[in-house]
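Asker: Supplied in structure tokens, the structure appears directly below.
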Amino acid sequence: MAIDVLEQLSLHEKKVLLALRGRGETTPQEVREEASFRELVEVMNAASWLQAKGLVTMRERVRRSYGLARRQWATKNLPERVLLKALVKFRRAATAAELRAKADLSEADFSIALGWMRRKGWATVGKDGGQTTVAITDAGREALAKKGRDEDLLVALAKHEMSEEEIDPQVLGMLKSRQTILKEKEAVRRELKLTAKGQEVAQRLADGIAKERKVPVNDVLKVVDKVFVEVSQVTPELLQSGKWRDASYRKYDVRAFAPTATGGKRHPLSQHLERVRRIFLSMGFAEIEGDFVQPPFWAFDALFQPQDHPARDMLDTFYLDADPLPLPDEAVVRRVADMHETGGGISTGWRYKWNEDEARRAILRPHTTAVTIKWLAEHPDPPQKAFIIGRNFRRDAITWKSLPEFHQVEGVVMEEGANLGMLIGTIREFYRRMGVEDVRVRPGYFPYTEPSLEPEVRFHGRWMEMGGAGIFRPEVTKPLGIETPVLAWGLGLERLVMAVEGIEDIRQLYLSDLDWLRNGKLVR
């Protein structure tokens, strides 16, 4: 059986209904005073529940008020009146040059004043002998004896601010167009109003209280607190004292609307980051970490990337104003330099003079390979399996799929017999565990891997590149003392989350969209 809506109402809700009964749109502050609420928040909470029950409507309106930007406008003549007073002294049409000199106005103020004189009909402008002339009109002579409506408004605004509704729209438009005279304030006004159903319920409530307490219907607000003494919580003391028998209990409708309660949880990106970590750990990889600031030696030189490569340009890499960074032991540095200059006996190299100072400069790492290659140099004996999830920094444009700061999921496998099939299988298995099935790899090019490939996933009907992968070239591994093949990959975490979550724009991951954050599913 349906519960009467009156039985579902709290004391505060009843007080708001009675305060609004028979009234039009009313502010929460007025309701608070009418019903003697202690706090305004009590009114707003009750009004929100009444709105959910279809008894009250709430509306917000922006109200504008105006005052003077400077108080001097109340006593100082407007430029056009200064010009009018100067013009009447000529007793004839005056040239623009004569009038400006007589009024002692700047060129800018003179142009403004002349324009407003013409707009108000105080003067006419013509040509005489190639010169601009200004003549006073009958309306101008009348204006000498009285102030205009805009000037009267300035005097009134000097005394107190006025709302938009109190001012003639035409006069307000004139002064607003002058930009420097008025200051505008905006305030949000909340208004409550009973619906037709709310009016009916409020009237039944008032009639019931008036009949029970034998008071005039218009005085029911004064006794409502005594009529409805509600128990919000049943306590042992209430039960033991026997007072529970006389207490009033509000009935609840289990079908009534209630806001969804959302608990705290980690950001979706952080949740997916932890998921990636669990996957690689379960696949037998060790997690490694490294600094954001790295020398180009590890970010480029050790990867057999020449020092004049475009990726090292300041338009692509973030260079820091910092002291030179240390390099590994001299033997490793010399072998890397020799590989660049002569090819180290296994290739022709890049055939240029390698610069150690360039390799010591401080940069923000453009990829996590700077960390993994350094780790490999410190762990040259196979077998080795490691991964890193970390932030990187590049001078990339912000688009739907790229950001200048992003996370990379990087991994390396070093062991005898490692090959391209093993690399592709590892990447596919990782994506499968992440729930991404439609994956393909295509040939790619990177200075430090051969062969190289680029994994892609199907995303909203098109293929989206996810990163790069390949087998490190001997020019990379040999100077570090590594004799076995090394598989390597670097995959974008944000793009992976886009594919998993169906997000169309990477920027959504870093926007404070509370609905998306609250309603997102937990990542296992």
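The values are calculated or read from the model by the stated rules, or taken from the named source; none is laboratory data. Just so we're clear, the structure is a prediction, and the values are computed from it rather than from any experiment. Note that each Cβ is placed from the backbone with ideal geometry, even for glycine, and that neighbours are counted across all protein chains shown.
Asker: So, in the range 74-105, of the ones that are part of a loop (DSSP other than H, G, I, E, B) and aliphatic (A, V, I, L, M), which residue ends up surrounded by the most Cβ atoms within 10 Å (Cβ to Cβ)?
Answerer: Taking the range 74-105 first, the residues part of a loop (DSSP other than H, G, I, E, B) are 75-78, 89-93, 104-105.
From what's left, aliphatic (A, V, I, L, M): 78, 93, 105.
Numbers: LEU78: 21, ALA93: 17, LEU105: 19.
The selected residue is LEU78.
Asker: Could you check, for the range 63-73, whether at least one of its residues is crowded, with 19+ Cβ neighbours inside 10 Å, at pLDDT 90 or above and over 35 Å from the mean Cα position of the chain (by Cα)?
Answerer: No, that holds for no residue.
Asker: Give the residues of the range 37-61 that are more than 14 Å from VAL201 (Cα to Cα), modelled with pLDDT under 90 and touching a helix residue (DSSP H, G or I) at 6+ places or on another chain (Cβ under 8 Å), sorted by residue number.
Answerer: Residue satisfying the conditions is TRP49 alone.
Asker: Wholly within the range 380-461, which strands (runs of 3 or more DSSP E) include no fewer than the required count, namely at least 2 residues that are more than 29 Å from the chain's Cα centre (by Cα) and either polar (S, T, N, Q) or surrounded by fewer than 18 Cβ atoms within 10 Å (Cβ to Cβ) (or both)?
Answerer: Numbers: elements: 384-393, 405-414, 439-446, 449-459.
Those strands (runs of 3 or more DSSP E) span 384-393, 439-446, 449-459.
Asker: Next up: Taking GLU107 as the residue in question, decide whether it is free of Cβ contacts under 8 Å to residues at least 24 places away in the same chain, of a type in the set (Asp, Glu) and either closer than 30 Å to GLU186 by Cα or in the same structural domain as ALA158 (by TED's automatic domain parsing) (or both).
Answerer: On the way: free of Cβ contacts under 8 Å to residues at least 24 places away in the same chain: yes; of a type in the set (Asp, Glu): yes; either closer than 30 Å to GLU186 by Cα or in the same structural domain as ALA158 (by TED's automatic domain parsing) (or both): yes.
Against the criterion (free of Cβ contacts under 8 Å to residues at least 24 places away in the same chain, of a type in the set (Asp, Glu) and either closer than 30 Å to GLU186 by Cα or in the same structural domain as ALA158 (by TED's automatic domain parsing) (or both)), GLU107 qualifies.
Asker: So, one more: Could you tell me whether VAL88 is farther than 28 Å from GLU165 by Cα, in contact with an Asp or Glu (Cβ under 9 Å, 6 or more places away or on another chain) and among the hydrophobic types (A, V, I, L, M, F, W, C)?
Answerer: Numbers: farther than 28 Å from GLU165 by Cα: yes; in contact with an Asp or Glu (Cβ under 9 Å, 6 or more places away or on another chain): no; among the hydrophobic types (A, V, I, L, M, F, W, C): yes.
Judged against the criteria, VAL88 is not a match.
Asker: So, one more: Looking only at the range 139-162, count how many residues are outside any helix (DSSP H, G or I) and either at pLDDT below 85 or within 24 Å of ARG118 (Cβ to Cβ) (or both). Walk me through how you get there before you give the answer.
Answerer: Of the residues in the range 139-162, the ones outside any helix (DSSP H, G or I) are 144-148, 160-162.
Now restrict to residues that are either at pLDDT below 85 or within 24 Å of ARG118 (Cβ to Cβ) (or both): 144-148.
Total satisfying the criteria: 5.
Asker: State which residue is surrounded by the fewest Cβ atoms within 10 Å (Cβ to Cβ) when the search covers only the range 468-508 and only residues that are touching a helix residue (DSSP H, G or I) at 6+ places or on another chain (Cβ under 8 Å), of a type in the set (Gly, Ala, Ser) and not in a loop (DSSP other than H, G, I, E, B).
Answerer: GLY490
Asker: Looking at the range 292-323 only, could you name the residues that are crowded, with 17+ Cβ neighbours inside 10 Å, part of a helix (DSSP H, G or I) and of a type outside the set (A, V, I, L, M, F, W, C)?
Answerer: PRO296, ASP301, ARG312
Asker: So how many residues does the range 174-199 have that are exposed (fewer than 11 other Cβ atoms within 10 Å of the Cβ) and in a helix (DSSP H, G or I)?
Answerer: Number satisfying all stated conditions: 1.
Asker: Okay, moving on. As an exercise: evaluate LYS159 against (1) in contact with a strand residue (DSSP E or B) (Cβ under 8 Å, 6 or more places away or on another chain); (2) within 30 Å of ARG190 (Cα to Cα); (3) charged (D, E, K, R) and give the number of the one condition it does not meet.
Answerer: Only one criterion in (1) in contact with a strand residue (DSSP E or B) (Cβ under 8 Å, 6 or more places away or on another chain); (2) within 30 Å of ARG190 (Cα to Cα); (3) charged (D, E, K, R) is unmet by LYS159, namely (1).
Let's see how each residue does on (1) at pLDDT 95 or above; (2) charged (D, E, K, R); (3) outside any helix (DSSP H, G or I); (4) in the same structural domain as GLU410 (by TED's automatic domain parsing):
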residue: LEU325; (1), (2), (3), (4): yes, no, yes, no
residue: ARG335; (1), (2), (3), (4): yes, yes, no, no
residue: ASP338; (1), (2), (3), (4): yes, yes, no, no
residue: LYS353; (1), (2), (3), (4): yes, yes, yes, no
residue: ILE373; (1), (2), (3), (4): yes, no, no, yes
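Asker: What residue, of ALA418, ALA386, ALA397, is of a type in the set (A, V, I, L, M, F, W, C) and free of Cβ contacts under 8 Å to residues at least 24 places away in the same chain? Outline the logic, then answer.
Answerer: Numbers: ALA418 fails: free of Cβ contacts under 8 Å to residues at least 24 places away in the same chain; ALA386 fails: free of Cβ contacts under 8 Å to residues at least 24 places away in the same chain.
Of ALA418, ALA386, ALA397, the one residue that is of a type in the set (A, V, I, L, M, F, W, C) and free of Cβ contacts under 8 Å to residues at least 24 places away in the same chain is ALA397.
Asker: Restricting attention to the range 266-323, report how many residues are under 30 Å from ASP513 (Cα atoms) and without any contact (Cβ under 8 Å) to a residue 12 or more places away in the chain.
Answerer: Residues meeting the conditions: 3.
Asker: Being out of contact with any strand residue (DSSP E or B) (no Cβ under 8 Å at 6 or more places or on another chain), closer than 20 Å to ALA156 by Cα and assigned to a helix (DSSP H, G or I): is that true of TRP116 here? Steps first, please.
Answerer: On the way: out of contact with any strand residue (DSSP E or B) (no Cβ under 8 Å at 6 or more places or on another chain): yes; closer than 20 Å to ALA156 by Cα: no; assigned to a helix (DSSP H, G or I): yes.
So TRP116 fails the test.
Asker: I've got another one for you. Could you please find all residues in the range 491-517 being basic (Lys, Arg) and within 16 Å of the chain's Cα centre (by Cα)? Quick ask: steps written out before the conclusion?
Answerer: Here is the first cut: in the range 491-517, the ones basic (Lys, Arg) are 495, 507.
Matches in the range 491-517: ARG507 only.
Asker: Could you please tell me which pairs satisfy a Cβ distance under 8 Å, a separation of 6+ or placement on different chains, a first residue in the range 498-518 that is closer than 19 Å to MET466 by Cα, and a second residue that is assigned to a helix (DSSP H, G or I) and at pLDDT below 90?
Answerer: Hits for this filter: GLN508/TRP516.
Asker: Check VAL486, VAL523, VAL497, VAL476 and return the single one that is of a type in the set (A, V, I, L, M) and not assigned by TED's automatic domain parsing to the domain that holds PRO404. I'd like the intermediate steps shown before the answer.
Answerer: Numbers: VAL486 fails: not assigned by TED's automatic domain parsing to the domain that holds PRO404; VAL497 fails: not assigned by TED's automatic domain parsing to the domain that holds PRO404; VAL476 fails: not assigned by TED's automatic domain parsing to the domain that holds PRO404.
VAL523 is the lone residue from the list that is of a type in the set (A, V, I, L, M) and not assigned by TED's automatic domain parsing to the domain that holds PRO404.
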